[in-house]
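The values are calculated or read from the model by the stated rules, or taken from the named source; none is laboratory data. Here the structure is a predicted model, which means the values were calculated and not measured. Quick reminder, even Gly has a Cβ in these numbers, built from the backbone with ideal geometry, and neighbours come from all protein chains shown.
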């Protein structure tokens, strides 16, 4: 069983502090598809955050995605 190091509140604060910075992300899209993306954290909302990729695409993720490990910020 995996131990949870961070809670949702910790993840929200961490991402809020990274707003406007360039980050490397690994996104698990399911069925063994893992996508590596370089992006900027654009906006932070109470339940989701948005990123803007290098090719100007806007994507939205929830903090729960980070908690579960489907999205990894580096």
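Only one of 24, 16 is in contact with a strand residue (DSSP E or B) (Cβ under 9 Å, 6 or more places away or on another chain), under 12 Å from residue 71 (Cβ atoms) and surrounded by 11 or more Cβ atoms within 10 Å (Cβ to Cβ); which?
Numbers: 16 fails: under 12 Å from residue 71 (Cβ atoms).
It is 24.
Residue-level analysis places residue 66 outside the set of residues that are part of a helix (DSSP H, G or I), without any contact (Cβ under 8 Å) to a residue 24 or more places away in the chain and surrounded by 10 or more Cβ atoms within 10 Å (Cβ to Cβ). Could you tell me whether any residue of segment 34-55 is part of a loop (DSSP other than H, G, I, E, B) and at positive phi? No, segment 34-55 contains no residue that is part of a loop (DSSP other than H, G, I, E, B) and at positive phi. From the list 7, 30, the one residue that fits, being at pLDDT below 90 and in contact with a helix residue (DSSP H, G or I) (Cβ under 9 Å, 6 or more places away or on another chain), is 7.
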